[in-house]
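Working notes, beginning with the structure itself.
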Amino acid sequence: MTGKLPLNQELLQAIEGLLGQVELIALEADALPDENAFMETIRDAYMKDGDDRDLRARTLLALASYWEGSVMGEASVPQVDEKSEPALIPHDCEMAEPDCLDSPPNNNDGQDVAGENSRSPAIGEQFTQSSAEAQLDSGAKGDEQIDDNPAPTPPLPQSPISLDPIADHAIDQSRSGSEEDDGSTGTTRDAPNSTEAAPDPNPAQPGIETASPPVAEPIVSRSILTNLPNARVGTDYSAALGVEGARILSCSDDGGSGLEWLESEGRVKGKLDNAGDFKLIFQALIGGVRTQIVANLAVIPDPKSLWVSKPSDQSDPYWKPDEAFLEIDSELFCVAASKRGRSHAREGGFRDDDFGMLSLGGGDWHIAVVADGAGSAKRSRRGSKIAVETVLDVLPNLLKTTVSNELEMLVAKHLESPGSVTPALKSILYKSLAQAAFKAAVAIETEAQEHALEATAYYTTLIIGACKRTPHGWFFGCFAIGDGGAALFDLNEKYLMPLTAPDGGEFAGQTRFLQRAEFSAGYEEIAKRIFFDIRQEFTAFALMTDGITDPKFATDVVFANPEHWVDFWVEDLSSQVRLERGNTALREEFLNWMDFWSAGNHDDRTLAILVP
């Protein structure tokens, strides 16, 4: 205490600070300090005042008694030996006047230790006046008239001060017993009769209020509300509480969230297994004031869990399995899978996508076909199936009769002089791949007429890929109508060749569909849909519908980016699917991967991959 502040303000600061420490210790019941260390702190605070033992010293003593009663469960500190000096204040020291710390000590030795109106303020009283002022106020209240010119303040009685009110009472009793008369009548006090009952060891003294253990009044507390960052169910959660100046003591109620407060990290942590709104309650100190912090936490459910999957109607004449898988172990390892989209599954709808693969044997052609039936066309699932089956039926013979005989010679010339035979290579692919697509469009139109429907009811996209090894390297050819994509990818050289072109409709977001009219524009227009490439080595030849391209390759630019394909292949697909011969878990791995979550992308998914 500096002595620069008004006395009453210093007292309030001492009380607030010490009670705050007591409350802190009470809250942290696991870490009660050594009471001797606490008393030493009080002793040090007192010694800063030297012999000027004003009301501050008495306050500290009263607070020490409060400490003993509220924290250590005792009424007061251990009694002081009568034959020795009290622990903090000697018997032969007087209490200085509150308003004049430098006034001389009074010599009124004849007064009692404690007068009728002289007592230590109890804990919880408002310390707005000094002890002497309280005596004057108390005396004034007993008079019917108040003197406008009161006499000067009488000096305080000489009184040794002890930490222990019981010890003080023992000193009074000892002094009273040593006198021969009672101080009022002059008569000699008779010794008690030995046959009488033993006297009360603590008899009430006239004019003296009996000391009682201090009563701890509740510390003022408050409650504040805050919000924790949102969380997602099934994830590990870690967040700071974010209340400035708060010392978090504990999490008294996790609200059923399962989270814990880690004091060493200053964070709320845990795994959230349930979605919903939770209310967590923390006990804290803010500026020395006990504070309850109520923190709201919103745990967002896994969006995937909100989707339902209803089985499709197997009695439908065009029903197909909700998912399909195929692998062919030949000169190339061919793997393909198709899975019904969530947007169809929640309605119990059908898988509109379709696919197929063929391997004509070592040294011969490998064929892959994927098709995406239009969701708006009521028989699109049938249209995609017709397109795939027709291509697989007619293409092997078309490749044999129009491509195989000339392919080796054309590949050699192309490698010698790139671009010199591009028209010739496109021409043989037009006679094979484009011709197979045209026959698929005719087959769809024929079935539509048989059912008195428009061909638009069977709308579907179509991507055809074929490859063959030659003495000069692998030759790849593609033809496509509609969205989706195909590409040739080499991981080692980070090489990528897109083998399809963007094929939108008249308006943004639209696509084209397989129909006879698409082939009426002539060779030059159709040839724009034909692509080829020649590679000595490659990692994968992939064909996919837009159920894969949209979430994995958001734009045409991304689809043509080799770096993105490296990420897709290494970090995404290969991390979950082991595309190797002899992998008995390949079907499960592939179909599980096809079930990946992508917000807003819930269409059917089909992917065909050919690897060496």
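If we sort 383-393, 277-287 on the protection proxy, mean other Cβ atoms within 10 Å, highest first, what's the order?
Details: 383-393: 24.5, 277-287: 16.9.
Top of the packing list down: 383-393, 277-287.
Compute the signed sum of charges (Lys and Arg +1, Asp and Glu -1) over the other residues within less than 15 Å, Cβ to Cβ, of residue 576.
Working: positive: 339, 552, 578, 587, 605; negative: 567, 571, 572, 580, 588, 589, 595.
Overall, the nearby charge balance is -2.
Can you tell me the order of 335-347, 594-606 when each peptide is scored by its average per-residue count of other Cβ atoms within 10 angstrom, highest first? Numbers along the way, then the final one.
Values: 335-347: 21.2, 594-606: 17.8.
Result, highest mean Cβ count within 10 Å first: 335-347, 594-606.
Across all directions, the average projected area of the convex hull around the alpha carbons of the stretch 376-518 is 10.3 nm².
Here the translational diffusion coefficient of the stretch 315-439 follows from Stokes-Einstein with Rh set to the Kirkwood radius across Cα pairs; for 10 °C and 1.306 mPa s it amounts to 96 µm²/s. Ranked from largest, the principal axis spans of the Cα set of the stretch 442-484 equal 50, 20, 7 Å. Each Lys or Arg adds one and each Asp or Glu subtracts one; over the other residues with Cβ under 12 Å from the Cβ of residue 430, this totals +2. In terms of packing, defined here as the mean over residues of other Cβ atoms within 10 angstrom, the peptides 552-561, 574-583 line up highest first as 552-561, 574-583. If one puts a single equal scatterer on every Cα of the stretch 236-358 and applies the Debye formula without solvent, what log₁₀ I(q)/I(0) results at q = 0.12, 0.22 Å⁻¹? Cα-only, vacuum Debye calculation for the stretch 236-358: -0.65, -1.18.
A short reminder: the numbers here are calculations on the coordinates, not readings from a lab. Just so you know, these numbers come straight off a predicted model, no measurement behind them. Neighbour counts are summed over all protein chains in view; Cβ atoms, including those assigned to glycine, are modelled from backbone coordinates with ideal geometry.
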